[in-house]
Amino acid sequence: LIEGAKVFGWEEARKKISQESRQDHMRKGVGVAASLWVAGGGGPPSTIVIKLFSDGSVNLNMGASDIGTGTKTIMAMVVSEELGVKPEVIQIENADTGTTQYATPSGGSKTVPTEAPAVRAAAIEVRRQLLEMASGELNVNAAELSLEGGEVVVKGDLSKRMRITEIPGLKKRRVIIGVGYRGPNPEGRVINPFADQFCEVEVKPKTGEVKILRFLGAHDSGRVMNRLTYDSQVFGGITMGIGFGMTEERVLDENRTGKLLNKNWHDYKIPTALDVPAEMGSVPIEPGDTEANTTGAKGLGEPVTIPTAAAIANAIYHATGVRVTETPMTPVRLCPLFSAHRKEG
């Protein structure tokens with residue numbers, strides 16, 4: 001809340017709005033809302049198999065699917081960091097019930113915190129075996145070795161190094177296999193993602209129109225594994241939350257038989273580029289949670305949608321003094337509320 005308010009300019013915005021003329025045809029307001037996602041901490045089971053081949057390439061075998069959130073990219077980054085190889089040499093074999101390991105569904109914003117610790121464990125096991133092979137060739141203890149840029153390097157003496165592909169033990173065996181498992185979550189600790197979001201709106205009380213001027217999401221989702229996919233999750237979640245709060249509504253028949261009347265994209269209005277603000281910001285709250293799991297990652301994506309509509313409603317209240325407790329906050333719904341408020345005033 002503190003960091004988000006600072007980046008958003010919360011105090012400055014409220015002060016500026018209070019000094020502006022509050023004409024009836026146009027009013028501005030700012031709002032904030034916070035949330036805790038019920039999932040997002042991840043947890044067992046997860047089994048990962050990593051193979052390092054003698055040509056330096058890597059195979060990552062995992063059951064989890066990537067539903068467009070960048071899961072495969074992040075898992076490759078974890079392997080790359082632990083084994084000191086470039087991501088482009090990593091082949092990912094995933095989501096195949098015939099060849100990959102069991103995995104829980106990719107949902108609940110818990111895939112990365114579920115799979116990444118197991119991936120890391122498997123990579124660490126491969127690294128352990130590899131360094132033991134190299135230690136005999138370099139005549140040093142395995143604890144004195146590290147992996148960098150596809151090479152085994154002696155710590156403190158960078159002149160002593162050997163390419164992974166040149167290690168006799170690996171060339172003879174052809175492959176090193178590491179298996180990793182997801183351990184249990186810590187007992188008595190809350191490892192869920194936390195979030196808060198800020199927005200500024202422009203309201204026309206006479207017509208019920210609301211224009212969202214800017215939005216900012218400040219999220220504690222643990223360690224930022226990939227900043228590009230992190231921000232994309234935030235912006236996507238805000239957009240979906242705006243749809244829930246401003247345009248999307250299921251209309252059922254009046255006899256309440258459950259028949260959906262607006263079952264097409266013309267009548268069920270999802271937000272377009274014209275419905276979201278051009279100014280959207282993302283503030284990751286770090287450092288990550290070192291107790292959540294061995295990678296410090298927590299969920300992101302679904303948590304972003306939760307406080308979005310509430311932040312908009314609070315901004316409308318700041319602008320007009322009217323509490324809105326139903327969605328979508330369309331002119332049809334807002335005009336009667338604004339009209340009643342004027343009569344009471």
* To do: Work out from phi, with θ = phi - 60° and the Karplus expression 6.51 cos²θ - 1.76 cosθ + 1.60, the ³J(HN,Hα) of each residue of the range 21-32, listed in order in whole Hz, and give x for Gly and Pro.
  => 5, 8, 5, 5, 7, 7, 9, 10, x, 10, x, 9
* Counting Lys and Arg as +1 and Asp and Glu as -1, each charge on the Cβ, what is the dipole of the chain about the Cα centre in debye, to the nearest 20? -> 400
* If contacts are Cα pairs under 8 angstrom and at least 6 residues apart, what is the relative contact order of the range 32-167 in percent? -> 28
* Asked: Given the alpha-carbon gyration tensor of the range 196-263, what are the semi-axes of its equivalent ellipsoid in whole angstrom, ordered largest first, with each equal to the square root of 5 times an eigenvalue?
  -> 31, 20, 9
* To do: Choose one answer from Lys269, Lys259, Lys298: the residue with the largest mean-square fluctuation in a GNM of the chain with alpha-carbon springs under 10 Å.
  => Lys259
* Name the residue, out of Ala292, Ala118, Ala278, whose mean-square fluctuation peaks in a Gaussian network model built on the chain with Cα pairs under 10 Å. => Ala278
* Mind checking the angle between helix 10-19 and the chain's longest principal axis? C-alpha axes, 0 to 90 degrees, to the nearest 10. -> 20
* Within the set Lys28/Lys343; Lys110/Lys206; Lys16/Lys298; Lys6/Lys155, which residue pairs have Cα atoms separated by over 32 Å? -> Lys110/Lys206; Lys16/Lys298; Lys6/Lys155
* Carbon-plus-sulfur fraction of the accessible area of the chain, 1.4 Å probe, in percent? -> 53
* Determine the percent antiparallel among the DSSP beta bridges restricted to the chain, to the nearest 5. => 80
* Build a GNM of the chain with springs between Cα atoms under 10 Å: which of Gly296, Gly42, Gly169 gets the top mean-square fluctuation? -> Gly169
* Hey, what's the Kirkwood Rh for the range 272-345 if you take every pair of different alpha carbons, in angstrom? -> 15.7
* **Hz values of 3J(HN,Hα) by residue in the range 67-77 - Karplus curve (6.51, -1.76, 1.60), Gly and Pro given as x** => 9, x, 9, x, 4, 4, 4, 5, 5, 5, 5
* Calculate one ³J(HN,Hα) per residue across the range 120-130 by plugging θ = phi - 60° into the Karplus curve 6.51 cos²θ - 1.76 cosθ + 1.60, and present them in order as whole Hz with x for glycine and proline. => 5, 4, 5, 5, 5, 5, 4, 4, 4, 5, 5
* **For peptides 249-257, 45-53, 137-145, sequence by mean Cβ density within 10 Å, most packed first** => 45-53, 137-145, 249-257
* Which order do the peptides 88-97, 29-38 take when ranked by the mean count of other beta-carbon atoms within 10 Å per residue, highest first? => 29-38, 88-97
* Structure fact -> P(r) over all Cα-Cα pairs of the range 86-128, 10 Å bins from 0 to the longest distance, whole percent per bin, short to long, reads 22, 50, 27, 1
* To do: Using a 1.4 angstrom probe on the protein heavy atoms only, line up Asp275, Asp231 by accessible area, largest first.
  => Asp275, Asp231
* Could you give the accessible area per residue of the chain, probe 1.4 Å, as a whole number in Å²? -> 51
* Restricting things to alpha carbons, find the Rg to Rh ratio for the range 101-258 using the Kirkwood radius for Rh. => 1.22
* To do: Return an integer: the convex hull volume of the alpha-carbon atoms of the chain, in Å³ per residue.
  => 185
* Structure fact -> Ordering 190-198, 202-210, 104-112 by per-residue average of other C-beta atoms within 10 angstrom, highest first, gives 190-198, 104-112, 202-210
* Asked: At what distance in angstrom do the alpha carbon centres of the range 20-75 and the range 139-206 lie from each other?
  -> 17
* Structure fact -> Counting only protein heavy atoms and leaving out ligands, DNA and RNA, the solvent-accessible surface of His219 at a 1.4 Å probe, in Å² to the nearest 10, equals 0
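The values are calculated or read from the model by the stated rules, or taken from the named source; none is laboratory data. Predicted model, so just to flag it, every value in this text is computed and none were measured. A quick note on method: Cβ atoms are made from the backbone with ideal geometry, for glycine too, and the neighbour counts reach across all protein chains shown. To get the accessible areas, we keep the full protein, side chains included, count just its heavy atoms, and leave off ligands, DNA and RNA. Shrake-Rupley method; radii C 1.70, N 1.55, O 1.52, S 1.80 Å.
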